[in-house]
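The values are calculated or read from the model by the stated rules, or taken from the named source; none is laboratory data. Everything numeric in this text was worked out from a predicted model, so none of it was measured. Cβ placement follows ideal geometry from the backbone for every residue including glycine, while neighbour counts extend to all protein chains displayed. These accessible areas exclude ligands, DNA and RNA; they are computed on the full protein's heavy atoms, side chains included. Shrake-Rupley method; radii C 1.70, N 1.55, O 1.52, S 1.80 Å.
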Amino acid sequence: MSQTRFDIQTAAVIGAGTMGRGIVMSLANTGVQVRWLDNNPEMLEQAVGAVADTYAHNVRQGRIDEAEATARRGRIAKAADYQALADVDLVIEAVYENLELKQKIFRELDGIVKPSGILASNTSALDIDAIAAVTKRPEQVVGLHFFSPAHIMKLLEIVRGAKTSKAVLEASTELGKRMGKVSVIAGNCQGFIGNRMLATYVREARMMLLEGAYPHQVDAALQGFGFAMGPFRMYDVVGIDLEWRARELAGKDQDEAEVQVDNRLCELGRFGQKSRMGYYRYAEGSRQAEHDPEVDALVQRESERLGYERREIGSEEILERCLLALVNEGAKILEEGMAESSADIDTVYLYGYGFPAEVGGPMTWADRQALPAIRDRLNALAEQHGEHWKPAELIDSPATLGGRFADYKKEA
């Protein structure tokens, strides 16, 4: 398509779960007319009610007045079927993470939505090119990865597929700006920028439980450094069961040593805040995480069952392993061209993952340590804990070792 500019005035959202609700509000709050579709009419009805409740709450809090709440509600209309989405400028799919389901939806949308319509997926990790490939408009397919709750969280990861056009990326960035988001363009790889780095960070946190630490110790060390919350409190907030169910569905990774503590918690129905028990305990109606000695005992049993000899793990080691896991993966993302700059990686971590603002982001933190020191620490970890700690080429290369991540630009 030769169109050079997309003007997004109307949009549709598919999916009435928590994420769908937040995206609908983000759009309606900006003045965009939104059509909302879900294959479960009852769930859609409840979601529309929940959005109305949120706006009423905002009025009570004095954040908006009644006229603005009415205007925002008025921009949201329920759609009966895909046909009702035919003339929108943008469709955002926000159903659960299943590639076949997303491909089915995109195939259908491609045949119905006007030729100039942009098709976006809110996937947090799936392959945008595999989704775009089922359409006849891959240049108009993009990832718009919102962070939950989408109407509050500032970060928007805009994921470019191999064929996504520059005009679509510009329109997405412009929409992000209108919604008050901080947008970062990410390449198409497993987990994009944020979740790809998070996977390595969380793996280290989980391994340290097996080696001798307890959830409250790991969280205390990271919160002491300035994170909004440690990884285990984070899992309690989002729900420990989400990854557990995803592993079950995919039929893989459920036997990995590092997820065994999670598996045992989920088997006990300890899913996090929503069940008032997860890595921590929660009093009725409270979000205050309380240390639970039963979890410590479960962690100890599990690590002994798996043959680990437990040892004391201090805050320094916790910080070292979690932060360097982020940095090493960030370096790989940079050298692969999956992020345009180290500043973009820092932005993702500052606005999406609660990294301490005063530190400036994981890559800025690493630049302050100097890359030769980072390389030496990674090599030491590789000797102790295995090859996955091998420094990224960008950290180990004589060409870049004397420089900083902030100065690195991938050759075109």
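Brief remarks on what is shown
- Segment 250-278 residues that are more than 18 Å from Ser303 (Cα to Cα), paired with ones that are hydroxyl-bearing (Ser, Thr, Tyr) and open to solvent by 30 Å² or more (accessible area, probe 1.4 Å) (beta carbon under 8 Å, 6 or more apart): Gly269/Ser275
- Against the numbered list (1) part of a loop (DSSP other than H, G, I, E, B); (2) without any contact (Cβ under 8 Å) to a residue 60 or more places away in the chain, Cys189 comes up short only at (2).
- Selection of segment 107-117 for residues being touching a residue at least 12 places away in the same chain (Cβ under 8 Å), surrounded by fewer than 18 Cβ atoms within 10 Å (Cβ to Cβ) and not basic (Lys, Arg) yields Glu108, Ile112, Pro115, Ser116.
- Residue match in segment 88-106 (condition: under 24 Å from Arg5 (Cα atoms), open to solvent by 30 Å² or more (accessible area, probe 1.4 Å) and of a type in the set (D, E, K, R)): no
- Any hit, segment 221-239, residues being in a helix (DSSP H, G or I), touching a Gly at 6+ places or on another chain (Cβ under 8 Å), small (Gly, Ala, Ser) and open to solvent by 20 Å² or more (accessible area, probe 1.4 Å): no
- Condition check for Met208: more than 14 Å from the chain's Cα centre (by Cα) and either farther than 24 Å from Trp365 by Cα or not in a loop (DSSP other than H, G, I, E, B) (or both): yes
- Scanning segment 243-275 for residues that are surrounded by fewer than 16 Cβ atoms within 10 Å (Cβ to Cβ) and within 22 Å of Glu294 (Cα to Cα) gives Ala257, Glu267, Leu268, Gly269, Lys274.
- Any chance Ala120 is touching a helix residue (DSSP H, G or I) at 6+ places or on another chain (Cβ under 6 Å), over 14 Å from His151 (Cβ atoms) and surrounded by 18 or more Cβ atoms within 10 Å (Cβ to Cβ): no
- Long-range neighbours under 6 Å by Cβ, at least six apart or interchain, first residue under 15 Å from Glu329 (Cβ atoms) and of a type outside the set (S, T, N, Q) within segment 362-382, second part of a loop (DSSP other than H, G, I, E, B) and open to solvent by 40 Å² or more (accessible area, probe 1.4 Å): Ala382/Lys390
- Those residues of segment 81-101 which are modelled with pLDDT of 95 or more, within 27 Å of the chain's Cα centre (by Cα) and of a type in the set (D, E, K, R), in sequence order: Asp89, Glu93
Results for (1) charged (D, E, K, R); (2) closer than 24 Å to Arg203 by Cβ; (3) in contact with an Asp or Glu (Cβ under 6 Å, 6 or more places away or on another chain), shown as yes or no for each residue.
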position: Ile333; (1), (2), (3): no, yes, no
position: Asp344; (1), (2), (3): yes, yes, no
position: Phe355; (1), (2), (3): no, yes, no
position: Glu358; (1), (2), (3): yes, no, no
position: Ile374; (1), (2), (3): no, yes, no
position: Leu394; (1), (2), (3): no, yes, yes
position: Lys409; (1), (2), (3): yes, no, no
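- Among the residues listed as Lys114, Lys78, the single one being closer than 16 Å to Gln140 by Cα, basic (Lys, Arg) and more than 20 Å from the chain's Cα centre (by Cα): Lys114
- Within segment 80-117, the set of residues being among the β-branched types (Val, Ile, Thr), touching a helix residue (DSSP H, G or I) at 6+ places or on another chain (Cβ under 7 Å) and closer than 23 Å to Ser26 by Cα comprises Val91, Ile92, Val95, Val113.
- Residues being open to solvent by 20 Å² or more (accessible area, probe 1.4 Å) and either closer than 17 Å to Gln369 by Cα or of a type in the set (Gly, Ala, Ser) (or both) - total across segment 384-397: 3
- Screening segment 211-220 for residues that are of a type in the set (A, V, I, L, M) and open to solvent by less than 50 Å² (accessible area, probe 1.4 Å) and picking the one that is farthest from the chain's Cα centre (by Cα) gives Ala213.
- Output for segment 327-381, where each listed residue is in a helix (DSSP H, G or I), open to solvent by 20 Å² or more (accessible area, probe 1.4 Å), farther than 24 Å from Ala228 by Cβ and of a type in the set (A, V, I, L, M, F, W, C): Ala373, Ala380
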